[in-house]
Amino acid sequence: MSSSNSVTVQILDKEYSIICPQEERSNLVSAARYLDGKMREIRSSGKVIGADRIAVMAALNITHDLLHKQERPDVQASGSTREQVRDLLERVDLALSTDSDAPKG
C-alpha cells in the first residue's frame, strides 16, 4: 500500500486514510467535507448521540436527497415533501432512541 495513493480526510474529528486514484482525490476530499458537515449538523441537533448513529442518520439523509433528485431532477422539493422527510426523520430518531433504551445483551 503506497502512501502516494492515500488521502487523509477528517470526518467528525477523526482522521481516515483512504486509498484513492490521483484523479479522484478532489472528489473524495469534497465528499468527506460534505459528510463531515452533515454529521456535524446532526450532532449539533442533540437528538442523536454516538458517532455510529450520527453516521447512519447522515447516510440516510444523503441517500434520501440523492434518490429524491434522481426521481425528480427538475422539481424543487415542495412543502409537503419537506414535511414527509421531517416526519420520517422524527420516526427514525424515535426508533433510535427507543433502541438505545433497550437492554444490551
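Sort the stretch 4-98 into rounded, prolate or oblate with this rule: let a ≥ b ≥ c be the square roots of the eigenvalues of the Cα gyration tensor; rounded if a/c is under 1.5, and if a/c is not under 1.5, prolate when a/b is larger than b/c, oblate otherwise. Oblate. Extending 7 Å from Cα along the Cβ direction at LEU28 and again at ALA59 yields two label points whose distance is 1.9 nm. 3J(HN,Hα) along the stretch 47-52, derived from phi through the Karplus expression 6.51 cos²θ - 1.76 cosθ + 1.60 where θ = phi - 60°, amounts to 8, 10, 10, x, 4, 5 Hz, with x in place of Gly and Pro. Under the simplified labelling scheme, the GLU41-ASP13 pair shows an inter-label distance of 2.1 nm, with each label point 7 Å from Cα along Cα→Cβ. Taking 0.36 nm per residue of separation and subtracting the current Cα-Cα distance, fully stretching the chain between LEU88 and SER6 would add 25.8 nm.
Amide H to amide H distances under 5 Å link VAL7 with ILE18, ILE19, CYS20, where only residues 5 or more positions off or on other chains count and H is placed in the peptide plane.
Every number in this text was worked out from the coordinates using simple rules, so none of it is lab data. On a predicted model such as this, the values are computed, not experimentally measured, just so you know. Every residue, glycine among them, receives a Cβ derived from its backbone with ideal geometry; neighbour counts consider all protein chains shown.
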